[in-house]
1. Would you please put 85-92, 534-541 in order of how densely packed they are, using the mean number of other Cβ atoms within 10 angstrom per residue and starting with the highest?
2. Please list, in order along the stretch 342-349, the HN-Hα scalar couplings obtained from phi with the Karplus expression 6.51 cos²θ - 1.76 cosθ + 1.60 (θ = phi - 60°), rounded to whole Hz, x for Gly and Pro.
3. Label points 7 Å out from Cα along the Cβ direction at Ala382 and Thr96: separation in nm?
4. R0 = 41 Å: FRET efficiency of Glu156 with Asp404, Cβ-based, nearest 0.05?
5. Students often get this wrong, so check it: of Lys428/Lys506; Lys413/Lys445; Lys452/Lys506; Lys428/Lys468; Lys330/Lys428; Lys413/Lys469, which have C-alpha atoms separated by over 23 Å?
6. Quote the accessible area belonging to Ile133 in square angstrom, nearest 10, computed with a 1.4 Å probe and with ligands, DNA and RNA left uncounted.
7. Can you give me the long-range amide H partners of Leu334? Hydrogens built in the peptide plane at 1.01 Å from N, cutoff under 5 Å, separation of 5 or more residues or another chain.
8. Would you mind calculating the gained length between Arg462 and Ala345 on full extension (0.36 nm times residue separation, minus the Cα-Cα distance), in nm to one decimal?
Amino acid sequence: MSEARVTVCDSESGPGPDPLTSPSAEASGPDLKGLVPASPRSSTDVSPSPSAEVSGLLSLPWEMLTHIASHLPAQCVITVLPKVCHTLGNVGKDTTAWQLRARRLIGSQAVFPVGPREDFDWPSACLEIEQLITCWTGQGHLVAKQTKKDEEESEEVRQQQRAGQEEEPVVEGQQDGREEGLEEVGVEGQEVAYGVDEGMEVAMEGEEDEIQPIVGGDQLERLREELEERLDDDAGALMVEERNHRMVFNDIEALGGAPNRMENLADPRNLGNRRRVEVKQRPPPRNPSPPPALECTTLPTCHIAQVNSVLLLGGEGAVCATGSRDMNVKLWDLKAGSLLHTLGARGEFSTHRGWVWCLASQGPLLASGGFDSTVRLWDLQAGGAATGLIKTGAAVLCLSCQTDVLVAGTFDKRVSMYDTRAAEPLVKSVRLHGNAVMCLAADDKYIISGSKDCTVAVYDRRACKGLKKIRLSSYLLSMSYSGCEVWAGDNRGMLHSFSMQAGTLKPLSQFDVGHTALVTGIHKSAGSLYTCSSDCTVKVHIPCAPPRTVCIMPHQMGVNGLSVEAGVLAVASGEDCLEIWRPRN
């Protein structure tokens with residue numbers, strides 16, 4: 001596309017020579033500099049007055065001007081053009097132009113938005129769609145490629161180790177001696193000799209490198225001491241070698257070089273293996289691909305059981321909370337990649353006395369719900385100090401935190417509302433379903449809840465009554481409420497979309513996006529849709545009808561939950577680790 005230039009003439013001075021056609025202007029910098037008016041800004045407006053003559057970009061018909069602007073990034077149209085002049089600022093207010101942009105991004109066959117079009121935020125939706133496509137397109141392929149590469153390298157190391165073991169010389173009489181010694185030392189000695197899990201062979205080296213059998217408790221004790229000393233020596237040598245390797249790496253890197261990675265040096269399986277493993281030297285690719293737009297950080301959760309819930313806090317994706325089946329809630333500093341706190345009241349050994357199943361927050365308040373039939377409240381500004389305890393009478397399966405109320409869905413088929421500031425926090429508890437309440441979403445007027453009885457109910461908070469109940473063929477496990485749309489995932493891997501206007505919940509569509517098991521988490525905004533499932537996948541979509549899947553990220557185990565905030569994605573899976581995806585700076 002040719003370079004776009006703008007000439008805005010001062011109404012007092014009248015039309016003058018076009019500064020952008022001069023040789024100095026032709027040698028100017030990026031395209032956006034051509035959008036800045038050459039004349040000084042007046043106090044009222046920089047756009048040309050009706051009596052002034054205009055030339056350049058502003059002299060074009062409005063339709064052509066909006067068409068040109070549609071090829072600029074949405075971020076530029078929203079933030080840059082209004083700073084140039086009033087006329088170009090109006091380009092970002094043209095709803096038709098944004099609709100055409102969305103159709104070009106998604107395709108003419110898809111319906112967008114799925115819900116009501118009235119009061120829909122088209123600029124934000126287009127901005128999110130462009131960012132989604134830029135960041136996530138091809139990311140799933142990179143993840144799968146890296147996973148395959150890691151598996152191939154691990155298999156290569158295993159094959160080299162097996163080949164090394166086969167080359168070990170076999171001493172005549174070794175097997176018989178070893179069996180004789182094991183029969184004499186009993187079960188405890190056999191566990192040490194073979195290893196409890198991997199059947200590791202243990203023997204002693206004689207003075208002439210002969211293998212001597214273990215024949216008594218004293219020898220067994222000496223063997224243990226010798227093994228410990230050997231492991232200490234090997235570990236020390238490995239640390240020295242790794243330190244030297246890093247020094248060489250830093251020296252080469254300072255000179256602009258790039259040494260080949262030697263991951264086998266840090267492999268714990270090489271400890272005690274005196275045979276050096278040959279490392280293949282892989283030449284760099286001829287056409288290296290550009291770095292991905294996202295960076296992924298994997299944090300060990302320090303939980304001793306699966307993480308059931310994850311929640312980004314603070315509005316910037318810098319702090320994260322995790323709730324686990326080990327009954328604890330932990331706070332994380334994602335920028336530093338470190339653990340901040342393990343929440344808990346004074347005198348308590350854990351955060352809850354049962355599985356922590358759900359998390360919700362509003363401002364500095366964090367609420368955690370668990371199988372111990374309690375909701376516990378924490379003050380984030382006070383370092384996660386305990387501020388309250390609410391007894392619900394049944395296991396808490398879902399939470400929603402609003403500015404004036406905390407809503408909880410429990411196993412006893414109830415939806416309860418609490419005032420967290422009151423000494424008696426319970427405001428109202430209603431039984432809207434015939435089975436456990438699995439998910440819910442709320443705003444300042446309505447509460448939408450899904451139950452295992454395959455129903456979705458709407459409750460009017462102001463009128464204190466239920467408005468509508470819809471029966472489905474499956475039950476919902478996760479729910480996201482954004483604008484006038486409600487998206488939910490069910491126990492069969494399907495996605496459901498609803499419209500929500502004036503208290504009326506209306507089913508719109510049901511989509512199969514490829515999940516084959518429970519949809520355990522969902523997040524929907526104007527231009528993005530994230531889902532995760534116990535089928536070991538996380539998927540990123542554009543929320544149109546049908547959803548356009550941009551990225552699929554496979555995992556080794558089922559994914560239990562996700563959270564999205566300020567472009568940051570946090571994923572909790574059964575792998576006892578926390579994945580953080582954020583745009584690369």
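The values are calculated or read from the model by the stated rules, or taken from the named source; none is laboratory data. Note that the structure is a prediction, hence the values are computed from the model and not measured. So basically every Cβ, Gly included, is an ideal-geometry build from the backbone, and we count neighbours across all protein chains shown. Ligands, DNA and RNA are stripped out before the accessible areas are found, and what is left, the full protein with its side chains, is counted by its heavy atoms. Shrake-Rupley method; radii C 1.70, N 1.55, O 1.52, S 1.80 Å.
1. Output ranking for 85-92, 534-541: 534-541, 85-92.
2. Listing the rounded values in order: 10, 5, x, 6, 5, x, 9, 8 Hz.
3. Once both label points are built, they end up 5.8 nm from each other.
4. 0.10
5. Violating the 23 Å Cα-Cα cut-off are Lys428/Lys506; Lys330/Lys428.
6. Approximately 40 Å² of Ile133 is accessible to the 1.4 Å probe.
7. Those lying under 5 Å, H to H, from Leu334 are Val319, Cys320.
8. On the way: separation 117, 0.36 × 117 = 42.12 nm, distance 3.46 nm.
The span from Arg462 to Ala345 would gain 38.7 nm if fully extended.
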